[in-house]
Amino acid sequence: MATKQSHRLARWMMAPSVFVLLIWMIVPLALTIWFAFQRYRLTNPNIKGFAGFANFEFFVTDPAFWPAIINTLLIVVGVLVITVGLGILLALLLDQPIWGQGIVRILMISPFFVMPPVAAVVWKHELMNPTWGVFAAVSRFFGQEPVNWLGNYPLLSIIVIVAWQWLPFATLILLTAMQSLSEEQKEAAEMDGANVFRRFWYIILPHLARAITVVILIQTIYLLGVYAEIQITTGGGPGFASTNLPFLIYNTGVLGGNIGAGAAGGLVAVVLANIVAIFLMRAVGRNLDA
Amino acid sequence: MARAVSTRRKLTMTILVWLVALIVFFPILYTIITSLKTEGEAAAGFSMLPSFTFESYAAVLDQQDYFRPFFNSVVISIGSTIVALLIAVPAAWAMAFTPTPKTRDVLMWMLSTKMMPAAGVLVPMYLIFLNTGLLDTLLGLTIILTLVNLPIVVWMLYTYFKEIPVDILEAARMDGATLGKELVYVLLPMAVPGIASTLLLNVILAWNEAFWTLRLSTDDAAPLTAFIASFSSPQGQFLAKLSAASVLAILPILLLGWFSQKQLVRGLTFGAVK
């Protein structure tokens, strides 16, 4: 059926997508590389010319650099641990026969549809505020001093906020995977006398392995770029306590007007993301063959 | 054979699961409750009982500055979705129905463009927007959101189109259908659900996108993400109004999301989990 003509037509049909994405892939990255080796200040047009590795040196020796790298990784790891751990638990719960399953699913999935700025302001002003926040009320109820969450534990607070946003995603995907496990298999294990924990460890968990991998990899791509939540809740502070890489790049490149150093920081982020991407492509690519 | 579950066990599980679900949902619930309080009540501290007043909604909607961001969000999320679909439908169609040995590589390459961290290319994009006058325009934001979501749109459409049985085409052809008839009466009806799901998910993603929309807009084109972000520091008595504005910003997407939760999994995992 596939004739030469239909293949030519197919190429034309793909051309717009390929062309657009090719430009989107090449132009900004090429410019980032170019700027990373240029002296370029938004505020002073007299500074120009080839910079060598000066921009990288500037960015890497910024006192915020190592905190930003560590915070970036802590956010990724912290959110992953919470969302995957709790996600498995919630998926197991949702897989049980209960009344009102449809509504429970809707409640549980909702945080994912909340735009990051709304999540950030709601957690900041209504839950974590040490004076009128809900958490403060809970602390007082138990006779404790209210905790200034964002002031004293900025990074942990941000991890909790972001984890709340991604928990539904992990839960939904793990639940979908769990439901594809056949009832017969579960029943057979039950009849063989395997207890709940053995059934979970030897049957359910291996079945979820693939879904867990996908959750981890996709979330990592997004978590490396957490931005709005930080800008709104802590502004990266106190000090650099909650500054991550995207935040530092924006501060250096755009706010600070040092385009060269911002671009150099951008390349650091690209390298970091690529390491993750290689693994994701493998996991998703395997599915294409199946 | 379905397992018999004792009513008692089902009741215990129901209570447990509902409790957990309400905890997860609580921040949204509390925002809705706060939005129905007066500013005085909201500032007074924790309370689950509002006086059910709509004055905060009235106050938010009265301000001219709410409608513009709302309008901007609608334009850029729907605009970018339509443009992405126009570009992606032919591509996904071609790859699903006339696959070549290279199709797989092309798909993987498209996915790889999604891996580019936004922060990595922020600086040049900012300069390009600054120098072409696209900064803080609806056109600029529509373009960037189209680019950001195009790979997901292609992938999602591809996984849907692939499930359309090709045999049915042959059958239609045997019955004497022309290419045009084939397209309109056979393929299109089967493709519409997939296109609709893709459209829905992409509107949600575009509506909530909060990196480029915050960084490449300042005022005129600022969508709801930027409008809400402006509440980052306290401003007098503002909790009830903030809550009302938040509810208005998330409600349309929450409703769309509830309808599309099944497609969500497939779309966000690039078809890896169905």
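For the structure I just gave you, tell me whether A:Trp24 is crowded, with 18+ Cβ neighbours inside 10 Å and facing chain B (nearest Cβ under 10 Å).
Working: crowded, with 18+ Cβ neighbours inside 10 Å: yes; facing chain B (nearest Cβ under 10 Å): yes.
Yes; evaluated as a whole, the condition is true for this residue.
Among the numbered conditions (1) touching a residue at least 12 places away in the same chain (Cβ under 8 Å); (2) polar (S, T, N, Q); (3) not in a helix (DSSP H, G or I), tell me where A:Asn46 comes up short.
Result: A:Asn46 passes all but (1).
Residue by residue, here is whether (1) within 15 Å of the chain's Cα centre (by Cα); (2) closer than 18 Å to B:Ala21 by Cβ holds:
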position: A:Thr61; (1), (2): no, no
position: A:Phe65; (1), (2): no, no
position: A:Thr72; (1), (2): yes, no
position: A:Thr83; (1), (2): yes, yes
position: A:Leu93; (1), (2): no, yes
position: A:Pro97; (1), (2): no, yes
position: A:Met108; (1), (2): no, yes
position: A:Ala119; (1), (2): yes, yes
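Identify all residues within region A:226-247 that are crowded, with 19+ Cβ neighbours inside 10 Å and not in a helix (DSSP H, G or I); write none if there are none. Full working, then the answer.
First, the residues of region A:226-247 that are crowded, with 19+ Cβ neighbours inside 10 Å: A:226-234, A:236, A:240, A:242-247.
Result: A:Val226, A:Tyr227, A:Thr234, A:Gly236, A:Phe240, A:Ser242, A:Thr243, A:Asn244.
Among the listed residues B:Leu179, B:Leu214, B:Leu242, B:Leu188, which satisfies the condition of being over 21 Å from the mean Cα position of the chain (by Cα), facing chain A (nearest Cβ under 8 Å) and hydrophobic (A, V, I, L, M, F, W, C)?
Values: B:Leu179 fails: facing chain A (nearest Cβ under 8 Å); B:Leu214 fails: over 21 Å from the mean Cα position of the chain (by Cα); B:Leu188 fails: facing chain A (nearest Cβ under 8 Å).
Of the residues listed, the single one that is over 21 Å from the mean Cα position of the chain (by Cα), facing chain A (nearest Cβ under 8 Å) and hydrophobic (A, V, I, L, M, F, W, C) is B:Leu242.
Within region A:63-103, can you find the residues that are open to solvent by less than 40 Å² (accessible area, probe 1.4 Å), outside any helix (DSSP H, G or I) and not small (Gly, Ala, Ser)?
Of everything in region A:63-103, just one residue is open to solvent by less than 40 Å² (accessible area, probe 1.4 Å), outside any helix (DSSP H, G or I) and not small (Gly, Ala, Ser), namely A:Ile98.
Looking at A:Leu155, is it at the interface with another protein chain (Cβ under 9 Å from one of its Cβ atoms), open to solvent by less than 50 Å² (accessible area, probe 1.4 Å) and within 26 Å of the chain's Cα centre (by Cα)? Walk me through how you get there before you give the answer.
Numbers: at the interface with another protein chain (Cβ under 9 Å from one of its Cβ atoms): no; open to solvent by less than 50 Å² (accessible area, probe 1.4 Å): yes; within 26 Å of the chain's Cα centre (by Cα): yes.
Judged against the criteria, A:Leu155 is not a match.
Enumerate the pairs (first residue in region B:179-193 and on the phi < 0 side of the Ramachandran plot; second residue anywhere and open to solvent by 70 Å² or more (accessible area, probe 1.4 Å) and in a helix (DSSP H, G or I)) with beta-carbon separation below 8 Å, excluding pairs fewer than 6 apart on the same chain, so at least 6 apart or on different chains.
As it stands, the answer is B:Glu182/B:Arg173, since those pairs meet every condition given.
I need the full set of residues from region A:27-55 which are of a type in the set (Phe, Trp, Tyr) and open to solvent by 60 Å² or more (accessible area, probe 1.4 Å), in order please.
Kept after step one, since they are of a type in the set (Phe, Trp, Tyr), are these residues of region A:27-55: A:34-35, A:37, A:40, A:50, A:53.
Result: A:Trp34, A:Tyr40, A:Phe50, A:Phe53.
Where in region B:1-99 are the helices (runs of 4 or more DSSP H), entirely inside, with at least 2 residues that are more than 24 Å from B:Phe227 (Cα to Cα), at the interface with chain A (Cβ under 10 Å from one of its Cβ atoms) and modelled with pLDDT of 85 or more? Break it down stepwise before answering.
Numbers: elements: B:7-35, B:39-43, B:55-62, B:64-97.
Fully inside region B:1-99 and qualifying: B:7-35, B:64-97.
Give the residue that is nearest to A:Val114 (Cα to Cα), with candidates limited to residues of region A:158-200 that are open to solvent by 30 Å² or more (accessible area, probe 1.4 Å) and among the hydrophobic types (A, V, I, L, M, F, W, C).
Filtering first and then ranking leaves A:Trp166.
Please find, among B:Phe97, B:Phe129, the residue that is among the aromatic types (Phe, Trp, Tyr) and crowded, with 20+ Cβ neighbours inside 10 Å. Steps first, answer last, please.
Details: B:Phe97 fails: crowded, with 20+ Cβ neighbours inside 10 Å.
Going through B:Phe97, B:Phe129 in turn, the sole match is B:Phe129.
The values are calculated or read from the model by the stated rules, or taken from the named source; none is laboratory data. Keep in mind the model is a prediction, meaning the values are calculated, not measured. Every residue, glycine among them, receives a Cβ derived from its backbone with ideal geometry; neighbour counts consider all protein chains shown. These area figures cover heavy atoms from the full protein model, side chains too; ligands, DNA and RNA do not enter into them. Shrake-Rupley method; radii C 1.70, N 1.55, O 1.52, S 1.80 Å.
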